[in-house]
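Just below is one structure, and these are the notes that go with it.
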Amino acid sequence: MARLYEYQSKKLLKEGGIRIPKGGVASTPEEALMISQEIGQPVILKIQVWITGRAGVGGIQFAETPQEAEKIARQMLGMKVKNFTVEKILVEEKLKIKTEYFAGLVIDDAKKSPLLIFSSVGGTGIEEIAKSHPEKISQASVDVLNGLKEYQARNLIRKAGFSGRLLVQLADVLTRLYRVAQSYDARSAEINPLVLTEDNLVYAADCHLVIDDYAVFRHPALGIEIAREFDRPPTDLEKIAYRAEEGDYRGTFYFFQMTEQITKQENYIGFHGAGGGGSMMSMDAVLDKGFKLANYCDTSGNPSASKVYRAAKIILSQPHLLGYFASGSGVASQEQFHSARGMVKAFNEEKMEIPGVIRLGGNYEEKAIEILQSYLKDIPAKVEGYGRDDSPEFCAQRLEELIKENKSLTHKVRPLAEPSLDPQSCSFETITGKIFIDHQKCLGCKSKGCVEACSAQILKLEEEKPVLAFSQEETKKGKCTECLACEIFCTFHEQKAIFIQLPIPGLKEYRDRTIENSEAE
Amino acid sequence: MAILVNQESRVLVQGITGREGMVRTRLMKDYGTRIIAGVTPGRGGQEVYGIPVFDSVEEAWEKTGPLDISVIFVPATLVKNAALEALEAGVKLLVVIPDRVPIYDVLEINHFARQRGAFFVGPNTLGLVSPGKAVLGMIGGRAERAREWFRPGEVGVSSRSGGMTSAISYYLTEAGLGQSTIIHVGGDAVVGLSHPEIVELFEKDEQTKIVVMFGEIGTTQEERVADLIEESRFTKPLVAYIGGKAAKSGTRFSHAGAIVEGRRGSYESKVERLKEVGVHVVPAISDIPKKALELMEKSKE
């Protein structure tokens, strides 16, 4: 779920007509000073990170003067809190608080509707209060087609024990909160505390919105980098992976790193799962063997071979791995040879040395295993392919045994290199890449097997050379499914005339940095 | 008998001319599902594997007669529109295959379906299969595989993980236990027919003698199944496995969920609650066939 920072959430509330404290975001102590001067009264400084309990770690402090604010800001910026380094702080007027409430919204999976929650007690410890004093909490499901009507909000507030002007004020906040949440596709929204000040005004003193990952595309203005559930800012490699996924709607590619730094001595392996349930089962199997996972990765939902290729390239951009473990449910409905081809291209390009155990059970598993067995003979790594009747436990054990054969071997990240391409080559674009065919080399080809290997039948022979059977435009729009079969056939059975370029923006630079760092170690 | 779909069901495919739509139409048709028509706006008049394609659901209905089920393969952003179109035309069961459907769209589809007395499976589902009768969606991949992996029988299977739906069913087949209906309820936080609704359908199905459920952390589905058992609304033997024990719970961010759900949703809560009402919760996937066999024997005594 895509989380917004407090300052972002508050901006949306303000646009929705909910009162928020005066203030601004500072990235430097000087900015904090300026904002405090503008406010002209005591301020509160709050670190902008995705954790609760900021006050307990010194992440929320008050300042009487702008100079004091500057000094506190200097301490706060750069502070390490859990997985975060503080880069921004919110500087706001200090409110004179009379009472604190809680207002929130979640999606209720049982009723399949948004659920509004109001509590007459707010602030820290709200969960404990909810448990010990359930009577202080009132809830109401919202009809998603008709929205929240003002009278419904008023009734909810009334049930929480309010009346008169305050009831109307609070109900107004609730209806506006619902509108903001719905218009921004919020999975959850909460104002905690919602405060009543000494001059009887209602303010949202803190707010967190979480946007539905699947609807982030509707809200480009929010600038969400990765629409995935993260409890920390994404790493550079995760950003690269996400961008690689973004342009390709076929299947899912999910990647995150499980450690900040992969060190040589720690038994890290690269993990490549398929499907949530099967991945979890497979992770358990390798964890039981004492391995640690450098990353979690899932390519499923019938991904293209090109997507699986990119996933493998990204996994192999992590240094010091002892092995590569790929395993899903074992009885996949997707055509498993796509995954096999994606890995074959990636492992060959990387000249992979570390052992791999690839469990591709399911639809077309025999073909998938055959592809792994036939086309990974030229690399130093031992890679074994398994199917649905080989359990994850057995496969994890195989990986352990292969790693033990050469314990000192760890993965070295290579610079991203491409073969030199003859500019005279025949070339055409595909959905996410480009295919180059060196017709000079085709002269020596006897079988012309690439035409047959292409399951989408986009190639035909013209003067004994493979050319497109469709227009360039149709090919780019998806006639070519990027199954990679032509390149693999040509590389292993013929003249190495075909190269499929599948760019991964940012990966080259990332690898160069990684290599530099590991040389410095 | 089986639930939700059988060899009589008249099925429509929305998005039939797309990549997935075409491949899975082939699977469904080859397996024996009665695919009556397909819809892709702008492609009316074409055919896919001999199935006529229409520009709208209404047109398909007018020209081919009433349709019981629609299987939806359109891109996620267009799912809501396709679903509402099918519901408005009168279809009573939707199978929503795509992943990444916005949650508020799902809520709207649900609301609309309820008003019309209709139901939906998914989104983010592999689909369902009543072995020997019909398959909806992409489960099995090819008819040949679906016939090999899934056999007619008396175990109902409901799962929140796509891959594990097939895996569990395959293990049951290997153990000599056939299945009545196998359903992947979908992997999202809000789905149409969820575990509790599915077990209630299995309760009424004569063919189903026992049920196997693959649960996962998150949502309240498994706890609600326990509630049904407590209220005697589900009385058949149930084998359950809950995935996600090892999942590291993230840094908590929102209080709102915790206020509403309390501990519900966690691995411990689900296992405890299910055990409390007598469900056979197994610690490993590989224990499922053994336990199912044992319960099946007992049910015959």
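Any read-out appearing in this document is the output of simple, stated calculations on the displayed coordinates, not a laboratory observation. All values derive from a computational prediction rather than experimental measurement. Cβ atoms come from the backbone with ideal geometry, glycine included; neighbour counts cover every protein chain shown.
Below are the figures for this structure:
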| item | result |
| --- | --- |
| Between the range A:269-342 and the range B:145-214, the alpha-carbon center distance in angstrom | 25 |
| Chain B - charge dipole about Cα centre, Lys and Arg +1 at Cβ, Asp and Glu -1, debye rounded to 20 | 520 |
| Förster radius 35 Å - calculated FRET efficiency between residue A:111 and residue A:179 (Cβ-Cβ, nearest 0.05) | 0.95 |
| Other-chain or far-sequence residues with amide H under 5 Å of residue B:119's (modelled H) | B:93, B:94 |
| Per the protein assembly as shown, cysteines lacking a partner by the 4.7 Å Cβ criterion | A:207, A:297, A:395, A:426, A:442, A:445, A:454, A:480, A:483, A:490 |
| Unsatisfied cross-links (Cα-Cα over 26 Å) in the set A:14/A:82; B:133/B:204; A:307/A:465; A:14/A:131 | A:14/A:82; A:307/A:465; A:14/A:131 |
| Environment charge of residue A:245, counting only residues whose C-beta is closer than 9 Å and scoring Lys/Arg +1, Asp/Glu -1 | +1 |
| Residues whose placed amide H lies under 5 Å from that of residue A:113, excluding near-sequence neighbours | A:108 |
| Sparsely packed GluC sites (Glu not before Pro) within the range A:376-446, loop by DSSP, other Cβ within 10 Å at most 15 | none |
| Spin-label pair residue A:127/residue A:11, simplified geometry with 7 Å Cα→Cβ offset, distance in nm | 2.9 |
| Unit charges at the beta carbon, dipole of chain B: most positive-side option, B:65, B:243, B:280 | B:243 |
| Test item: Cα-centred dipole of the range B:114-229, Lys/Arg +1 and Asp/Glu -1 on Cβ, debye | 420 |
| The range A:391-479 - charge dipole about Cα centre, Lys and Arg +1 at Cβ, Asp and Glu -1, debye rounded to 20 | 160 |
| Table column - 3J(HN,Hα) (Hz), the range B:284-294, Karplus curve with 6.51, -1.76, 1.60, x for Gly and Pro | 9, 4, 5, 7, 4, x, 4, 5, 5, 4, 4 |
| Percentage of interatomic Cα-Cα distances in the protein assembly as shown larger than 41 Å | 39 |
| Furthest towards positive pole of dipole, A:163, A:325, B:87, structure part the protein assembly as shown, Cβ charges | A:163 |
| Rule-of-thumb Rg ratio for the range A:389-521 [Cα; 2.2 N^0.38 Å; N residues] | 1.38 |
| Relative packing of B:37-43, A:75-81, A:301-307, which averages over residues the other C-beta atoms within 10 Å, highest first | A:301-307, B:37-43, A:75-81 |
| Cα-based Rg of chain B normalised by 2.2 N^0.38 Å, two decimals | 0.99 |
| Rounded to whole Hz, the Karplus (6.51, -1.76, 1.60) HN-Hα couplings of the range A:346-361, x for glycine and proline | 5, 5, 5, 4, 7, 6, 3, 10, 6, x, x, 10, 10, 9, 10, x |
| Number of partner chain Cβ atoms within 10 Å, mean per residue of A:209-217 | 5 |
| Equivalent ellipsoid semi-axes - Cα gyration tensor, the range A:236-405, angstrom | 20, 19, 16 |
| Ordering of B:24-30, A:446-452 by packing [mean C-beta count within 10 Å, highest first] | B:24-30, A:446-452 |
| Total formal charge among the other residues, if their Cβ is under 11 angstrom from that of residue A:330, Lys/Arg +1 and Asp/Glu -1 | -1 |
| Loop GluC sites (Glu not before Pro), the range A:69-132 (other Cβ atoms within 10 Å of the site Cβ: 16 or fewer; DSSP) | A:87 |
| Extension gain, residue A:200 back to residue A:243 (0.36 nm per residue minus Cα-Cα distance, nm) | 10.7 nm |
| Nitroxide proxy distance, nm - points 7 Å out along Cα→Cβ at residue A:260 and residue B:148 | 4.9 |
| Mean-position separation - Cα centroids, the range A:129-155 and the range A:363-390, in angstrom | 56 |
| FRET efficiency estimate (nearest 0.05) - Cβ-Cβ, residue A:513 to residue A:408, R0 22 angstrom | 0.30 |
| Approximate spin-label separation residue B:286-residue A:71, in nm, with each point projected 7 Å along Cα-to-Cβ | 6.5 |
| The range A:426-501: Rg to Rh, with Rh as the Kirkwood radius over Cα pairs | 0.92 |
| Cα centroid separation, the range A:14-53 to the range A:484-515 (Å) | 49 |
| Neighbourhood net charge (13 Å Cβ-Cβ; Lys/Arg +1, Asp/Glu -1) for residue B:280 | +2 |
| Ellipticity estimate at 222 nm from DSSP helix runs (n ≥ 4, -39,500 (n - 2.57)) divided over chain B, nearest 500 | -11500 deg cm²/dmol |
| Residue A:273 long-range amide H proximity, modeled H, under 5 Å | A:297, A:298, A:299, A:327 |
| Hz values of 3J(HN,Hα) by residue in the range A:132-145 - Karplus curve (6.51, -1.76, 1.60), Gly and Pro given as x | 7, 10, x, 5, 7, 10, 10, 9, 8, 6, 10, 6, 5, 6 |
| Qualifying trypsin sites (Lys or Arg not before Pro) for the range A:351-385 [loop in DSSP, other Cβ within 10 Å: at most 12] | A:351, A:377 |
| Kirkwood hydrodynamic radius of the range B:119-212, Cα pairs, Å | 12.8 |
| Rg and Dmax [Cα atoms of the range A:22-94; Å; Rg one decimal, Dmax integer] | 10.9, 34 |
